[in-house]
Amino acid sequence: MGRPTNASRRDREYLLESEITRLLTATKANKDTFLATRNYLIILLSYRHGLRISELIGLKWDQVELEEARIHIKRLKGSNSGVHPMAADECRYCLKLRSRQPTKSPWIFTSRTGLVLTRDGVTKALAAVCAIAKLEIPFHHHMLRHSCGYALTAQGNDTRLIQEYLGHRSIEHTVRYTALDPARFKTLWEK
């Protein structure tokens, strides 16, 4: 038979802002301050910057310029890399994580032993967070990337700008977010 499709497992491939907030809040339930901070930042950066899991675990401290509040995103899968501004809370959590990392590492996301976090490590960490957050839909990391595109579209941002932000080479990959936005139909019958 094979693996079931995502469409057969869940109604949508993105999270609502309220669900993102629930995930972020759920990370704080972890009594281990390093893990709580790390998991919070995993969700925050993945969502705000539309990171794929491989882009996330590949992040190094030298890609973050906290004084300038920007992050250098190295896109994979043939996507365009770029530099994104960072919000104050992202910078704050980066500083917290760096101070709480048990060992010095060039990698932002590490295990307790200082080894770079693997895809499986991220998946397990997020599964634990999801269990606490009690999301109603099955979750996987890539939904944070889709949530970023959807949120940027809902804010009324230009599709080309979102394309550049997410690193899409082709606009075909970006228009999926405009198709999901019900706000585009809002004024159809207002005459």
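Among the residues making up region 100-110, those that are open to solvent by 30 Å² or more (accessible area, probe 1.4 Å) and under 14 Å from Leu35 (Cβ atoms) are Arg100, Pro102. If you take the residues of region 156-170 that are outside any helix (DSSP H, G or I) and closer than 18 Å to Val83 by Cβ, which of them is modelled with the lowest pLDDT? Restricting to residues being outside any helix (DSSP H, G or I) and closer than 18 Å to Val83 by Cβ, the top hit is Arg169. Taking (1) over 23 Å from Arg75 (Cα atoms); (2) modelled with pLDDT under 95 in turn, Ala36 satisfies each apart from (2).
Residue by residue, here is whether (1) modelled with pLDDT of 95 or more; (2) open to solvent by less than 70 Å² (accessible area, probe 1.4 Å); (3) not charged (D, E, K, R) holds:
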residue: Ser8; (1), (2), (3): no, no, yes
residue: Glu19; (1), (2), (3): yes, yes, no
residue: Leu41; (1), (2), (3): yes, yes, yes
residue: Ile53; (1), (2), (3): yes, yes, yes
residue: Leu56; (1), (2), (3): yes, yes, yes
residue: Val64; (1), (2), (3): yes, yes, yes
residue: Ile71; (1), (2), (3): yes, yes, yes
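When the residues of region 134-155 are narrowed to those that are part of a helix (DSSP H, G or I) and open to solvent by 50 Å² or more (accessible area, probe 1.4 Å), which ends up modelled with the lowest pLDDT? My answer is Ala154. Just checking, does region 75-95 include any residue being more than 19 Å from Gly58 (Cβ to Cβ), in contact with a Lys or Arg (Cβ under 8 Å, 6 or more places away or on another chain) and either open to solvent by less than 70 Å² (accessible area, probe 1.4 Å) or at pLDDT 95 or above (or both)? The answer is yes; a qualifying residue exists. Could you check region 96-109 and list, in sequence order, the residues that are in contact with a Phe, Trp or Tyr (Cβ under 9 Å, 6 or more places away or on another chain) and polar (S, T, N, Q)? Correct list: Gln101, Ser105. Pairs meeting the criteria (first residue in region 42-69 and on the phi > 0 side of the Ramachandran plot, second residue open to solvent by 30 Å² or more (accessible area, probe 1.4 Å), beta carbons under 9 Å, at least 6 apart or on different chains) are Gly50/Leu152; Gly50/Tyr165; Ala69/Pro85; Ala69/Ala87; Ala69/Ala88.
The values are calculated or read from the model by the stated rules, or taken from the named source; none is laboratory data. Note that the structure is a prediction, hence the values are computed from the model and not measured. Methodologically, a virtual Cβ is constructed for each residue, glycine included, from the backbone with ideal geometry; neighbour enumeration extends over all protein chains shown. Only protein heavy atoms, including side chains, enter the accessible area calculation; ligands, DNA and RNA are left aside. Shrake-Rupley method; radii C 1.70, N 1.55, O 1.52, S 1.80 Å.
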